[in-house]
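First the structure, in the form of C-alpha cells, and then the observations on it.
The values are calculated or read from the model by the stated rules, or taken from the named source; none is laboratory data. In this text, all values refer to a predicted model and were calculated from it rather than measured experimentally. Cβ placement follows ideal geometry from the backbone for every residue including glycine, while neighbour counts extend to all protein chains displayed.
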Amino acid sequence: MLSLETITNNVHDWLNNHVSSTWATIIEMLIVGLLVIGLFAMLGLILVLMERKVSAFMQIRVGPNRVGFKGSLQTLADTLKLVLKEGLTPKGADKFLFNLAPYVVMCAAMLILAPIAFAKNFQIWDINIGVLYISAISSISVIGILMAGWASNNKYSLLGAMRSGAQIVSYELSAGFSVLCIVILTGSLQISDIINAQQNGWFIFKGHIPAIISFIIFIIAVTAETNRAPFDLAEAESELTAGFHTEYSGMKFALFFLAEYVNIFVVCAIGAILFFGGWMPLHIGNWQGFNQVMDYIPSSLWFILKVFGLIFLIMWFRWTFPRLRVDQLLNLEWKYLLPLSLVNLLLMTVVAIMGWHF
Amino acid sequence: MYRTTDILTNTPNTSLGEAGYMVINVGPQHPATHGVLHLVITLSGETIINVEPHLGYIHRSIEKMCESLTYRQFIYTTSRMDYLSSHINNHCCALSVEKGLQIEIPDRAKYIRIILDELTRLASHQLWWGAMAMDIGAITPFFYAFREREMINDIMEETCGARLTMNYMVPGGVMYDLHPNFQKKVKEFIAFFKSKINEYDEILTGNIIFQNRMKGVGIISKEDAISYGCTGPTARGSGVSCDVRKLYPYEIYSSIEFDEIINNGCDSFARYEVRMQEMKQSLKIIEQLIDNIPEGDFQAKTKTVLKLPKGEFYTRVETARGEFGVYIVSEGGTTPYRIKFRSPGFSNLSALNHMAKGNKIGDLVAIMGSIDLVIPDIDR
C-alpha cells in the first residue's frame, strides 16, 4: 500500500544508494526544509480561508466568495496584496529588532513542527524528549512578540507585548502540566511512544476523568498561548488597535499572521497526538472487525481530521466568546487552572500507579 | 473643552512624569471610540489614572448654522447629530416649533411619530448591543444585531425614503403618509425580533466572561449620576428615574402602557440590562399602537413660512441615549435667534472619567460601550 511511510523510505534508500550518506542527509534536510516551508504556505492558505468561512458560518454571512471557486483563492490574493505593500519601519523604532521579530516568531512556529508525526512513521525528527522539546520551543515565540512590541516604539505595541509576555509565561505552566499527565500514562517523552501507547484506545478515553480534565485545561491553555480569542489580549483590537503588531505592515505583518495560524495548527496537532492518538485510527479494545475497518482509513487522514477538528473548536471559541480582561486572564490561570492542573496531575499519578487506566 | 495647549503638553513622551505614568492618546482614530473621539488617558501599567476627552474633531457648528435656517429647515441638521436616533431628534425639534406656534397636530401623526420613535430606539439599541459586544471582543453578536436592524432600516426606507437621516418629522406632523406596507412590515419585524431577542441573551448576556467584564465595572452612584447630568440608560442604570417619556410625557406617551426600566446596579452591567429591557418595552409600545393608528390627516395645516412668536421655547424628549432638549430663542423672525441643543451624549461622556478611574484599559472600552456614545451627538 502506498503510504507516506513507504515514500519516505524509498527516497531515503534511493539517496543512500546513489550518494554518500553525508550528502544523503544533507539532501534530506533540504527536502525537509522545503517541505516545511511548503506546509507553512499551505497551512496559511487553508487556515485563513477556513477561519473566514467558519466565522462567516457563525455570523450568518457567506464569507469570501469572489476569488476562485467559492473564494478558495482569497487568501492567495490577500497574500499577494501584502507582499506588494510597503514594509514600513516607523521612525524611532529599533530597526534591527523590529525587522527580526517576525522571523523569530516564524522560526519558533517552524521549529515546533519537527517532532510532530503527520502520519504513521512520518516524522521529521523523533527526538526522545519530544514533548519537552515542544514546550521549550513554544516559549520562544514570546520573545519575538516582546521584541516586536518593544522595538515598535509604540505604546499600544508595548502594552500588547507585555500582556502577551505575562499571558504566555503563565499559561505555559498549565499546558505543561496537562502534557505531563499524558507523559505519566506513557512513561515516555517521545512522540512516537506516546502515539503507540494509544494503539488500543486514545488517551482521552483511556485516562479516565483526569485525562478529560487535562484535555480541557490543555485546550484553554493553548488557546491562550497562541493569543487567540477569548485570550487575544496581545492584539485586543478594540483596546490596543492591533497590539504588538500595530506598526507592522506588508510582509512582516503577514509573517505574524502566518505564524499565528501555524501555531494554531501546531498546538492542535500536539493536542491530537497527546489526547486523540495522533495518526492512530480509532480502536476500541478488542473489537477486531471494527478496528480493521478503521485501519483502512489512511493514517495521515486520521491525523488531519483530528487536527482540523480541534482547530475548528478553537475557531469556535474565537467567534463566540468575548475577550477576558488582563487581570481576569491571570486570575484564571494562577487561581483556577494551575491548582486544578496540580491536583489533576496527582490524580493522574494515582490512576497510573493503581493501573486504573485501560 | 480646549484649554490652552494641554493637548500639546499631554502628548506622549513629554509628560511621562516622575510617577512613571504613561500617557496614551486613544483616538481620534481608534477602533473603540466609534468615531472621532479623542481620549487622553494616563496609565499606571494597565490601570487608568485619568481619562480626559478632547472634543471638536467633528464639530460642524450646527447650532450656529441653525440661526440662519428657517424653522422648517433647521430640523434636518439634527438628523446629523445623533444619527442613530435621528427620528427622535427631529421629533424634538418639531415639537418645539409646534409649541411655539401652538399647533395641535392630528392624532394619526402622533401615533406615527411614536411608533417611528420606538423603532428608532430599537434600531439604536440593537446597534449599541452589537458594537458593545465588539468592544468586549465578541465579534459575532454584531452581525446578529444587524440582521434585525436591517429590517427596521427597510421599514424606514419604505416609509421615510431614508435609512439613517430620516427627516420625516416636520412641524405639524409627518412629511408623508405611511407606506401601505408599514403595518404589515412592522408586525413581521415584531414577530421576528421577539423570536430572536432570547438569542441576544444566550450569546452574550449569559456568558460568564461577559458578565465578569461588565459587573462591578464603571461604577457611578445615583448621586454622581445626577450631578454629572447623566440621562437615559446611563442614569437609569444607577437607579435615577429620568425617563422623559414618563416624567414629562409628550405626544401620547401618557396613554401608553410601558414601564420605566430602572436598575440599581450602578455598573456597566446595569446599564446593559436597562437597554436590554428597554428594547422589550419599545416592542410593547409599538404593539399597542400598531393596530390602532387612527385614520385622518398626517399633517396639520400650517403656513408655508413659519414665524415663531418672540420668546423662548424648550422641549425635551427621550432619545435612545437619554434626554435630548431643544432650546429656541425667537425674536419673532423666520429664523431662530439662537438654538441650543442639549445632547445626552455630552453629559454622559463627562462621567466617563469618574467611571473609568482605577479600572483597566479593557474596562475603559467596556464602559464606553455601556454609555453608548455617539460622537457627532457630543460635538454637534
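Residue-wise test of (1) small (Gly, Ala, Ser); (2) in a helix (DSSP H, G or I); (3) within 14 Å of chain B (Cβ to nearest Cβ); (4) within 21 Å of A:Phe303 (Cβ to Cβ).
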position: A:Lys91; (1), (2), (3), (4): no, no, yes, no
position: A:Phe96; (1), (2), (3), (4): no, yes, no, no
position: A:Asn99; (1), (2), (3), (4): no, yes, no, no
position: A:Tyr103; (1), (2), (3), (4): no, yes, no, no
position: A:Phe118; (1), (2), (3), (4): no, no, no, yes
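If a residue must be basic (Lys, Arg) and either in contact with a helix residue (DSSP H, G or I) (Cβ under 7 Å, 6 or more places away or on another chain) or within 14 Å of another protein chain (Cβ to nearest Cβ) (or both), how many such residues does the stretch B:219-250 contain?
2
Among (1) closer than 24 Å to A:Ile127 by Cβ; (2) touching a residue at least 60 places away in the same chain (Cβ under 8 Å); (3) over 18 Å from the mean Cα position of the chain (by Cα); (4) surrounded by fewer than 18 Cβ atoms within 10 Å (Cβ to Cβ), where does A:Leu173 come up short?
(3)
Please state which one of B:Tyr228, B:Tyr248 is in the same structural domain as B:Ala123 (by TED's automatic domain parsing), hydroxyl-bearing (Ser, Thr, Tyr) and touching a Ser or Thr at 6+ places or on another chain (Cβ under 6 Å).
The conditions single out B:Tyr228.
Can you confirm whether B:Met156 is farther than 27 Å from B:Gly239 by Cβ, in contact with a helix residue (DSSP H, G or I) (Cβ under 8 Å, 6 or more places away or on another chain) and hydrophobic (A, V, I, L, M, F, W, C)?
Taking the combined requirement at face value, the residue satisfies it.
Please work out which residue is nearest to the other protein chains (Cβ to nearest Cβ), limiting yourself to the stretch B:107-148 and to residues that are touching a residue at least 60 places away in the same chain (Cβ under 8 Å) and among the small types (Gly, Ala, Ser).
Among those residues, the one meeting the criterion is B:Ala138.
Looking only at residues in the stretch B:200-218 that are among the charged types (D, E, K, R) and away from chain A (no Cβ under 11 Å), which one is surrounded by the most Cβ atoms within 10 Å (Cβ to Cβ)?
It comes out as B:Lys215.
I'd like to check which helices (runs of 4 or more DSSP H) are fully inside the stretch B:52-135 and have at least 3 residues that are within 18 Å of the chain's Cα centre (by Cα).
B:74-78, B:86-101
State yes or no: is B:Asn25 modelled with pLDDT under 85, on the phi > 0 side of the Ramachandran plot, within 14 Å of chain A (Cβ to nearest Cβ) and over 18 Å from the mean Cα position of the chain (by Cα)?
Judged against the criteria, B:Asn25 is not a match.
Hey, could you check the stretch B:337-380 for residues that are basic (Lys, Arg) and assigned to a loop (DSSP other than H, G, I, E, B) and say which is nearest to A:Arg323 (Cα to Cα)?
Per the stated criteria, the residue is B:Lys357.
A:Leu329 versus (1) crowded, with 20+ Cβ neighbours inside 10 Å; (2) modelled with pLDDT of 85 or more; (3) more than 14 Å from chain B (Cβ to nearest Cβ); (4) over 21 Å from A:Lys120 (Cα atoms): which is the lone unmet condition?
Among (1) crowded, with 20+ Cβ neighbours inside 10 Å; (2) modelled with pLDDT of 85 or more; (3) more than 14 Å from chain B (Cβ to nearest Cβ); (4) over 21 Å from A:Lys120 (Cα atoms), A:Leu329 violates only (3).
Does B:Phe210 satisfy the criteria of being assigned by TED's automatic domain parsing to the domain that holds B:Asp107, part of a helix (DSSP H, G or I) and without any contact (Cβ under 8 Å) to a residue 60 or more places away in the chain?
Taking the combined requirement at face value, the residue does not satisfy it.
Could you pull out the residue among A:Ile37, A:Ile46, A:Ile27 that is at negative phi, among the β-branched types (Val, Ile, Thr), assigned to a helix (DSSP H, G or I) and loosely packed, with under 12 Cβ neighbours inside 10 Å?
Matching residue, one of A:Ile37, A:Ile46, A:Ile27: A:Ile37.
What tally of residues in the stretch B:306-362 results from selecting those that are of a type in the set (D, E, K, R) and either outside the structural domain of B:Leu101 (by TED's automatic domain parsing) or crowded, with 22+ Cβ neighbours inside 10 Å (or both)?
So the count comes out to 3.
In the stretch A:22-49, how many are of a type in the set (A, V, I, L, M, F, W, C) and out of contact with any helix residue (DSSP H, G or I) (no Cβ under 7 Å at 6 or more places or on another chain)?
Going through the stretch A:22-49 one residue at a time, the tally reaches 13.
Checking B:Val40 against (1) without any contact (Cβ under 8 Å) to a residue 40 or more places away in the chain; (2) within 14 Å of chain A (Cβ to nearest Cβ); (3) outside any loop (DSSP other than H, G, I, E, B); (4) touching a Ser or Thr at 6+ places or on another chain (Cβ under 8 Å), which test does it fail?
Of (1) without any contact (Cβ under 8 Å) to a residue 40 or more places away in the chain; (2) within 14 Å of chain A (Cβ to nearest Cβ); (3) outside any loop (DSSP other than H, G, I, E, B); (4) touching a Ser or Thr at 6+ places or on another chain (Cβ under 8 Å), only one is false for B:Val40: (4).
Name the residue, out of A:Leu185, A:Leu180, A:Leu282, that is under 19 Å from the mean Cα position of the chain (by Cα) and over 30 Å from B:Asp363 (Cβ atoms).
Criteria check complete, one pass: A:Leu180.
Do we find a residue being surrounded by 15 or more Cβ atoms within 10 Å (Cβ to Cβ) and part of a helix (DSSP H, G or I) anywhere in the stretch B:255-266?
Within the stretch B:255-266, none of the residues are surrounded by 15 or more Cβ atoms within 10 Å (Cβ to Cβ) and part of a helix (DSSP H, G or I).
From the list B:Gly229, B:Gly216, which residue is more than 18 Å from the chain's Cα centre (by Cα), part of a loop (DSSP other than H, G, I, E, B), of a type in the set (Gly, Ala, Ser) and at pLDDT below 90?
None of the others qualify; the one that does is B:Gly216.
So A:Ile195 fits all but one of (1) within 27 Å of A:Ala114 (Cβ to Cβ); (2) within 12 Å of another protein chain (Cβ to nearest Cβ); what number is the exception?
Every listed condition holds for A:Ile195 apart from (2).
Among the listed residues B:Thr334, B:Thr315, which satisfies the condition of being assigned to a loop (DSSP other than H, G, I, E, B) and hydroxyl-bearing (Ser, Thr, Tyr)?
Matching residue, one of B:Thr334, B:Thr315: B:Thr334.
Among the candidates A:Gly278, A:Gly271, single out the residue that is under 21 Å from A:Leu113 (Cα atoms) and either within 14 Å of chain B (Cβ to nearest Cβ) or modelled with pLDDT of 85 or more (or both).
Testing whether each residue is under 21 Å from A:Leu113 (Cα atoms) and either within 14 Å of chain B (Cβ to nearest Cβ) or modelled with pLDDT of 85 or more (or both) leaves just A:Gly271.
Residue by residue through the stretch A:206-263, note down the ones that are under 23 Å from B:Pro31 (Cα atoms), within 14 Å of chain B (Cβ to nearest Cβ) and in a helix (DSSP H, G or I).
A:Ala224, A:Asp232, A:Leu233, A:Ala234, A:Glu237, A:Ser238, A:Glu239, A:Leu240, A:Gly243, listed by residue number.
Of all residues in the stretch B:158-199 being exposed (fewer than 15 other Cβ atoms within 10 Å of the Cβ) and of a type in the set (A, V, I, L, M), which is nearest to the other protein chains (Cβ to nearest Cβ)?
It comes out as B:Ala191.
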